[in-house]
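To start, the structure under review is shown below, and the notes come after it.
The values are calculated or read from the model by the stated rules, or taken from the named source; none is laboratory data. Just so it is clear, the structure is predicted and the values come from calculations on it, not from any experiment. Ideal geometry is used to build each Cβ from the backbone, glycine not excepted, and the neighbour counts take in all protein chains shown.
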């Protein structure tokens, strides 16, 4: 009697089950998904049949949902598949929901985002830091212009084009435009960190050209001497701050915070503490011989080197420059120091260290020039003349500072 051939193929719920020789013996052919044929194996025929029926149920459920789609939805899905190529449609939908107010987490409006940003600590790399009052004030003023345009809009709706149009409409140029863009970038970076949106629309906006990156004008030694002489005569309270700027290259914002306790004339050193330094890194600035003479006459044991506001300083310094009949460019002291110190030392690393730069290339591309504003070359001889600018005669060291404490900010001395 002939033996009945052993079955090797079955059909269940429209799916084919085959017996295979290796591994789990019952293989279900699930069909083609995303262009690939898929198969799954089971230890028993019963498990394979159950899986086939589960697949059929899933297909029927999805088919029911598909029947609920309108003709327009079907057409849109087909066009989306064509435009997206290999990108899954669901991925595209999820990306849209993350960036559109209807699906963005919280749907925070720009006004509220700015308020939260200004209350939050600052960032330095991955570290959280306390922001200085001056920094917060500058950010508040610039972001007020952003809020005036976008205040009621959802932050996640703002696009790169929106930011570009805002910068253009604002009419800002050069460094000013770069600062406005920097604050917009920081605002949206904060929103991304808080997971209120998934991307920063200001990040890919190209930085406007920065005219300040051109070679800076450098005051000739004679003009610096005239400025300091006029300050001694008309407004002596300005002298220490001006002298430190021109002969030590300390930043204006650092001078706003500098205390006399950081000035050690016995060691000819000014210590810029982290709380004072722009980058919050301590550095020691060497006091040149001529600066020592200027500061010796005004030295205090403690208290601010400049006791009033930076606005008051700039107004009063402009008046002294007018009386001296000299033009004082922006950031004149730091730029002059960088150029003359480099010519004298012939050591970019040493000058960069004095200025608080992490690398010398910033000094060479931004802060120094090889000619003064009257066209003369800056040489070692020019630098010697510059660092030989000294006070004409001793003055009462206490006079200027005591007078500052006695008068209001708006009154020149």
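Kindly evaluate residue 131 against the criterion of being over 15 Å from residue 192 (Cα atoms), touching a helix residue (DSSP H, G or I) at 6+ places or on another chain (Cβ under 9 Å) and at pLDDT below 90. First the steps, then the outcome.
Values: over 15 Å from residue 192 (Cα atoms): yes; touching a helix residue (DSSP H, G or I) at 6+ places or on another chain (Cβ under 9 Å): yes; at pLDDT below 90: yes.
So residue 131 passes the test.
Looking at the range 250-267, is at least one residue free of Cβ contacts under 8 Å to residues at least 40 places away in the same chain, in contact with a strand residue (DSSP E or B) (Cβ under 6 Å, 6 or more places away or on another chain) and in a strand (DSSP E or B)? The answer is no; no qualifying residue exists. Tell me which residues, restricted to the range 151-185, are surrounded by fewer than 21 Cβ atoms within 10 Å (Cβ to Cβ) and in a loop (DSSP other than H, G, I, E, B). Once the filter is applied, which keeps residues that are surrounded by fewer than 21 Cβ atoms within 10 Å (Cβ to Cβ) and in a loop (DSSP other than H, G, I, E, B), the range 151-185 yields 151, 152, 153, 159, 171, 172, 173. If we scan the range 165-180, do we find a residue that is at pLDDT below 85, in contact with a helix residue (DSSP H, G or I) (Cβ under 7 Å, 6 or more places away or on another chain) and on the phi > 0 side of the Ramachandran plot? Yes, because at least one residue in the range 165-180 is at pLDDT below 85, in contact with a helix residue (DSSP H, G or I) (Cβ under 7 Å, 6 or more places away or on another chain) and on the phi > 0 side of the Ramachandran plot. Scanning the range 300-321 for residues being within 30 Å of residue 364 (Cα to Cα) and either surrounded by 18 or more Cβ atoms within 10 Å (Cβ to Cβ) or not assigned by TED's automatic domain parsing to the domain that holds residue 382 (or both) gives a total of 5. Every test in (1) more than 15 Å from the chain's Cα centre (by Cα); (2) surrounded by fewer than 15 Cβ atoms within 10 Å (Cβ to Cβ); (3) modelled with pLDDT under 90 is passed by residue 126 save one, and that test is (1).
What's the total number of residues in the range 269-303 that are in a loop (DSSP other than H, G, I, E, B) and either touching a helix residue (DSSP H, G or I) at 6+ places or on another chain (Cβ under 9 Å) or touching a residue at least 12 places away in the same chain (Cβ under 8 Å) (or both)?
Let us first name the residues in the range 269-303 that are in a loop (DSSP other than H, G, I, E, B), namely 273-282, 287-288, 297-303.
Adding the requirement that they be either touching a helix residue (DSSP H, G or I) at 6+ places or on another chain (Cβ under 9 Å) or touching a residue at least 12 places away in the same chain (Cβ under 8 Å) (or both) leaves 273, 275-281, 287-288, 297-303.
Residues that pass the stated criteria total 17.
Within the range 303-321, if we keep just the residues that are within 20 Å of residue 248 (Cα to Cα) and within 27 Å of the chain's Cα centre (by Cα), the residue that is modelled with the lowest pLDDT turns out to be 310. Selection over the range 212-231 of residues that are closer than 15 Å to residue 321 by Cβ and modelled with pLDDT of 95 or more gives a count of 12.
Here is a yes/no grid of residues against (1) in a helix (DSSP H, G or I); (2) touching a strand residue (DSSP E or B) at 6+ places or on another chain (Cβ under 9 Å):
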| position | (1), (2) |
| --- | --- |
| 111 | yes, no |
| 135 | yes, yes |
| 146 | yes, no |
| 187 | yes, no |
| 199 | no, no |
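Quick one: which of 400, 324, 343, 348 is surrounded by 14 or more Cβ atoms within 10 Å (Cβ to Cβ), touching a helix residue (DSSP H, G or I) at 6+ places or on another chain (Cβ under 7 Å) and modelled with pLDDT under 90? Don't jump to the end; show me each part of the working.
On the way: 324 fails: modelled with pLDDT under 90; 343 fails: modelled with pLDDT under 90; 348 fails: modelled with pLDDT under 90.
On inspection, the qualifying residue turns out to be 400.
The sole residue among 188, 146, 150 that is over 16 Å from the mean Cα position of the chain (by Cα) and within 30 Å of residue 280 (Cβ to Cβ) is 146. Cβ-Cβ contacts under 6 Å between residues 6 or more apart (or on different chains), taken from a first residue in the range 165-189 that is over 13 Å from residue 205 (Cα atoms) to a second residue that is in a helix (DSSP H, G or I), are listed as 172/180; 174/211; 175/212; 187/117.
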